[in-house]
Amino acid sequence: MKNFMKILFFLGVVQLHGQSNNTDSIVATVVHTWTFEEEEFFGPGVADVSFRQNEIDGFVYADSTIRYGDTSFTTFYLEDSKMYFWDYHYEEYVMHFDFNSTTEYEVKYYDWIMDYEGIATIMIDSISYKKFGADSLKVQHVTIFNGDKLGGFNNEIVYEGIGAANFSIRFYLGCGLCDPNPYVTKGRCFSKEDMTYNFVDYECDSTWITTSVTEQPSTSINIYPNPTTGEIFIGGLSTDTDYQLYDLSGRLIMQGIVKNSTLFVDHIGLSILKLKIDDSWFVKKIIKIE
C-alpha cells in the first residue's frame with residue numbers, strides 16, 4: 001500500500017493551459033503559495049525532511065474565471081464550490097473536488113503507466129470546518145476507490161478552494177506504481193494575501209533529518225549566522241547540550257557538546273545539525289561557505 005500512496009510530483013516552470021490563448025483577456029493577477037513537505041531517503045531509517053514552496057499565479061479571464069497554474073504543468077479553476085483541473089489526456093478540464101456533495105462523486109482519470117482510463121469514486125465520510133482565528137475552511141474527509149485497478153485511499157482530506165491535504169493540490173489517481181525519491185508527503189501551509197493557513201504544528205519552513213530516534217521540529221532555537229564561515233551561535237539553549245552533525249548521506253561527521261551556545265562547523269557545504277533538547281532532537285540544515 002505504501003507504493004500506492006506515493007505520488008509523482010512534477011516540478012518546473014508553471015505553464016498556463018487555458019481554454020483561451022488570448023492574453024488580452026487577462027484583467028488581474030493574484031499569487032497564492034502552497035508549501036509542501038518533501039522527504040528524501042538516504043538509506044534505512046534515514047531521511048531528510050524539508051519543504052518546497054510553489055507560488056501559483058491566478059489569471060482572471062474574460063469569462064470571469066480565475067485560472068491558477070499549479071505545480072503539475074497544468075491549470076485549474078474554481079466554480080460553484082468545485083475544482084476543475086486541466087487533463088492533457090482528455091484535453092479538457094476534469095472535476096476533482098465537489099464541495100456541494102455530501103455523499104459521493106466520481107472523477108475520471110488516466111493511468112499513464114498502465115494506459116488505462118478509469119473512474120474513481122470519492123466517498124465522503126464526513127464534513128468538518130477547520131478554524132484559523134476568525135476564518136475557517138470547509139474540510140471533506142473522504143475515501144477514494146480507484147475503480148477495479150488500484151485499490152483505495154482511506155482517510156484523505158480536502159480543503160475547499162485549496163485542494164488535497166496530502167501529496168499535492170489534487171489527487172494523482174492511477175499513479176500507484178510511482179515510487180520517486182524525493183517525494184512529497186503532505187501540504188504544510190497555504191498563503192493568500194495576508195492570510196496563512198498552517199496545517200501542521202510546526203513552521204512552514206522547518207527542516208530536520210529522521211534517524212533511529214524520534215525527531216521533532218522546534219521553533220524556540222535560533223541559529224546564526226547561517227550560512228556561516230565556521231562559527232555559529234545557538235540562541236534559545238538553557239544549558240550545554242549534546243550535538244551531532246551529519247552530511248547529506250546520513251554519515252555522522254562530528255559530535256560532542258555545545259558549550260556557551262557556540263559551535264564551530266568544519267564541514268564545508270550543507271550539513272545537518274542535531275541538538276538534544278530534553279527528550280527529543282532539534283534538527284537544522286547548516287551551510288558553511290569557504
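Each reported figure results from applying straightforward, stated rules to the coordinates on display, with no laboratory input. No experiment lies behind these values; they were computed from the predicted model shown. Glycine also receives a Cβ, built like all others from the backbone with ideal geometry; neighbour counts cover every protein chain displayed.
Laid out as a table, the results:
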read-out: Extension gain (nm, one decimal) between residue 251 and residue 130, 0.36 nm per residue minus Cα-Cα; value: 39.5 nm
read-out: Fully extended contour minus Cα-Cα distance, from residue 115 to residue 264, at 0.36 nm per residue; value: 48.2 nm
read-out: Sites residue 242 and residue 290, calculated FRET efficiency, Cβ-Cβ separation with R0 30 Å, nearest 0.05; value: 0.60
